[in-house]
């Protein structure tokens with residue numbers, strides 16, 4: 001699949017997971033749900049590699065396993081656990097804006113860890129896109145009254161976003177060490193699930209399972225599509241076009257989430273939200289534009 005297909009699939013799938021996650025919030029502790037999700041996704045990836053890939057790479061050195069574990073910790077554990085806790089204090093709009101800051105974090109982290117030059121058009125496009133997302137969710141933001149819980153939620157979500165960005169950097173490192181994306185995801189998700197389940201034990205969270213269609217089907221969807229497939233597409237993009245451009249999906253998939261919300265939750269579009277969408281799409285065009293080479 002080419003980069004356009006990978007990009008579109010990532011945005012569409014992750015845009016739909018926002019609605020699926022609402023069915024996960026109930027009887028089961030969030031940390032336990034995160035552990036279940038990535039354990040199932042890891043098992044699916046290992047099974048796929050064993051059945052359909054001719055020579056899957058299962059054996060890696062201890063040093064490489066350390067980086068696979070770091071990918072699991074940052075991308076498939078801390079990222080999600082902190083967001084689950086952070087969203088309990090915030091509206092979905094503010095969460096979308098905070099997560100979208102990962103686009104800027106990736107730009108600067110690439111420069112910090114890999115000495116990659118900051119591309120002006122990617123930085124400009126990301127800023128335009130973030131302004132667009134801010135306009136889309138402005139009614140929610142305007143109603144927020146800053147208090148201790150809100151500040152705590154903002155801090156948790158910003159740390160979660162930075163954790164996701166660090167996970168992107170570790171993924172780039174693993175790709176440069178010639179670890180295939182599917183194998184790195186299989187091991188990374190296995191480590192991430194292990195960290196989540198270990199954290200659940202430390203927190204004293206009960207290992208329960210909600211035997212309802214909503215929880216079970218959403219868990220399968222999140223594990224298969226939201227994790228095994230979407231992360232495969234996204235981290236392949238990180239490898240192909242860089243973490244700075246790939247991260248722009250974080251700005252676009254809230255728009256898919258809003259479209260789903262329009263159908264199932266009666267979200268009402270306003271002139272401000274429509275203008276925000278236009279700005280977000282413009283930012284995408286600017287960010288993805290290939291700079292002209294000097295003659």
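Report the residue count in segment 101-149 for those that are under 13 Å from residue 243 (Cα atoms) and assigned to a helix (DSSP H, G or I).
Of the residues in that region, 16 qualify.
Can you tell me which of (1) buried (at least 17 other Cβ atoms within 10 Å of the Cβ); (2) more than 22 Å from residue 152 (Cα to Cα) is the one residue 83 doesn't meet?
Here residue 83 clears every test but (2).
Just wondering, is there one or more residues in segment 265-282 that are crowded, with 19+ Cβ neighbours inside 10 Å, under 26 Å from residue 114 (Cβ atoms), modelled with pLDDT under 95 and touching a helix residue (DSSP H, G or I) at 6+ places or on another chain (Cβ under 8 Å)?
no
So which of 155, 144 is surrounded by fewer than 15 Cβ atoms within 10 Å (Cβ to Cβ) and either more than 30 Å from residue 279 (Cβ to Cβ) or within 19 Å of the chain's Cα centre (by Cα) (or both)? Let's see the steps before the verdict.
On the way: 144 fails: either more than 30 Å from residue 279 (Cβ to Cβ) or within 19 Å of the chain's Cα centre (by Cα) (or both).
It is 155.
Restricted to segment 18-56, and to residues that are out of contact with any helix residue (DSSP H, G or I) (no Cβ under 6 Å at 6 or more places or on another chain) and within 24 Å of residue 91 (Cα to Cα), which residue is surrounded by the most Cβ atoms within 10 Å (Cβ to Cβ)?
33
The values are calculated or read from the model by the stated rules, or taken from the named source; none is laboratory data. As the structure is a prediction and not an experimental result, all values here were calculated from the model. For neighbour counting, all protein chains shown are included, and Cβ atoms are generated from backbone atoms with ideal geometry for every residue, glycine included.
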